[in-house]
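Peer 1: My questions all concern the structure below.
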Amino acid sequence: MAKKSLEIDMVEGLFNSFREALAIPSKTDIEALNDKLDRIEEMLLKAATAEKVEPAEEAPLAEEVPVAEEAPLAEEKEEAVAVEVKKAAPVEKKKPAPAKKKKPAPAKAKKPAAAKKPAAAKKKKAPAKKKEAASDKVLEVIKNQDEGADFKKIKAETKFDDKKIRNIIFRLHKLGQIEKVKRGVYKAA
């Protein structure tokens, strides 16, 4: 029982730390904001109806108004004014940053024409031999055996590991290039 409550406390603590790190308001924060908005709306409605119905009333004496009520009203008025100031403030557009100038790459010094070798003197490389695919090697070993090649013979001639040979044999059999004579013995199709 204690273990579950400890786990729940750990999860809640982790959640609260993420919420705070990401500045996500909690339920109590949202409720407090809603309360403040309601009070501001009431103040605005009272101000609007007071202007329409009667001219400005006399301010109550300082003795009549309790001190505890003055502080919240003053804070709410300051918040309301701050909200209006934020709305009225003109939005400044950011100027794009000036483009950075790239320095040109230093020019490479050219070799004098006399130092160049004539085109005829260049040696041509022999065409590279195309690498034979592993499956082609295995297929060649199997084709060279008339009665079929067993697994040991394929391994000895190709020098491939067991898994590679099994995969190649499976693929060649699936493509229909080889047939299974018996277990471990394969023949070209």
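The values are calculated or read from the model by the stated rules, or taken from the named source; none is laboratory data. Note that the coordinates shown come from a computational prediction; the quantities given were computed from them, not determined experimentally. Every residue, glycine among them, receives a Cβ derived from its backbone with ideal geometry; neighbour counts consider all protein chains shown.
Peer 1: Between residues in the range 32-52 that are at pLDDT 90 or above and residues that are assigned to a helix (DSSP H, G or I) and hydrophobic (A, V, I, L, M, F, W, C), which pairs lie under 6 Å by C-beta distance while being six or more apart or on different chains?
Peer 2: Pairs found: Ile40/Ala80.
Peer 1: Also: Looking at the range 141-189, which of its residues are in a loop (DSSP other than H, G, I, E, B), in contact (Cβ under 8 Å) with a residue 12 or more places away in the chain and either touching a strand residue (DSSP E or B) at 6+ places or on another chain (Cβ under 9 Å) or surrounded by 14 or more Cβ atoms within 10 Å (Cβ to Cβ) (or both)? Please lay out each step first, then the result.
Peer 2: Narrowing the range 141-189 to residues in a loop (DSSP other than H, G, I, E, B): 145-148, 159-161, 176-177, 183-184, 189.
Filter once more, so that each one left must be in contact (Cβ under 8 Å) with a residue 12 or more places away in the chain: 145, 147-148, 160, 176-177, 184, 189.
Within the range 141-189, Gln145, Glu147, Gly148, Phe160, Gln177, Gly184, Ala189 meet the criteria.
Peer 1: Is there any pair linking a residue in the range 1-19 that is within 23 Å of Asp29 (Cβ to Cβ) to one that is hydroxyl-bearing (Ser, Thr, Tyr) and outside any helix (DSSP H, G or I), with Cβ under 7 Å and at least six apart or on different chains, and which?
Peer 2: Arg19/Ser26
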